[in-house]
Amino acid sequence: MQDGRTVPGSLPSMTDDALREYLSERDLDVSGEPSGGSGARPRFVIQRHDASSLHFDFRLEVDGVLTSWAIPKGPSTDPRDKRLATPTEDHPLDYADFEGRIPPGEYGGGTVIVWDTGPYQNITEHDGKLVPMAEALADGHVKVWLSGHKIRGGYALTRVRLGGDDDQWLLVKVDDAGADRRRSPATTELRSVLSGRTNDDLAE
Ligand code: MN
């Protein structure tokens, strides 16, 4: 695995890269084993937001904020699916724990649950080298390894031009051990991983 490649100024990323096999074989939340690296790994969150139109807000912790996309159909575990992901405004880190009811008439009025969350790793590579997150986002090619409760393994986010709009993205499951063509978690697994509540529980 180690072949002397160097990535200037990103030693922790090299550590993450070297640990990919270790991390892919384990559920650290269950086993309690160390995740390695220096300090906490960044977190992702997917919030199910039942607003004027139902969607899932996919957020990645990057440089102290939650970089965000709205995904109407939510993430798929089937590598054949391409899920439209529309960029939305950055959110503060503590938004990752937010569940509640936003009053009607307010921006995003409706209910929000934490549908899935966990640590993630940037695994974006170019010419065999890890690409820092900020650079990958600017390039429009991002690959992340998600270690959630419902969503696990590699996902690719790619910026595409759709109907004259050049800032739409597609979220696609990488065909790895976390792929499952029979599951449809976005439509069948509706409870919060934090509280066990559904959006309807909050609306009531
Ligand atoms: Mn939303």
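For LYS173, the aspartates and glutamates whose Cα comes closer than 13 Å to its Cα, not counting residues fewer than 8 places off in the same chain, are ASP78, ASP81.
Extension gain, VAL65 to TYR22, is 12.7 nm, computed as 0.36 nm per intervening residue step minus the present C-alpha separation. Each peptide in 53-64, 128-139 was scored by the mean count of other Cβ atoms within 10 Å over its residues; highest first, the order is 53-64, 128-139.
What does the net charge come to around ALA156 if you take all other residues with beta carbon closer than 9 Å to its beta carbon, with K and R at +1 and D and E at -1? The partial results should precede the final answer.
Numbers: positive: LYS143, LYS173; negative: none.
Neighbour charge sum, excluding ALA156 itself: +2.
Backbone N atoms of region 133-174 closer than 19 Å to the 7 Å Cα→Cβ label point of ASP180 belong to residues 145-156, 172-174. Taking other residues whose beta carbon is less than 9 angstrom from the beta carbon of TRP69, and scoring Lys, Arg as +1 and Asp, Glu as -1, yields 0.
FRET efficiency for GLU106 and HIS141, Cβ-Cβ distance as r, R0 = 41 Å, nearest 0.05? Approximately 0.70, to the nearest 0.05.
Less than 5 angstrom separates the built amide H of THR124 from those of VAL131, LYS143, all sequence-distant by 5 or more or on a different chain. With 0.36 nm allotted per residue and the present C-alpha distance subtracted, the ASP97-SER195 stretch has 34.2 nm of extension available.
Mind giving me the FRET efficiency for ASP167 and GLU204? R0 is 45 Å, r the Cβ-Cβ distance, nearest 0.05 is fine.
Taking R0 as 45 Å, the efficiency between ASP167 and GLU204 is 0.75.
Laboratory data are not the source of any read-out in this text; all were calculated from the coordinates shown. Every value quoted in this text rests on a predicted model; they were computed, and no experiment measured them. Ideal geometry is used to build each Cβ from the backbone, glycine not excepted, and the neighbour counts take in all protein chains shown.
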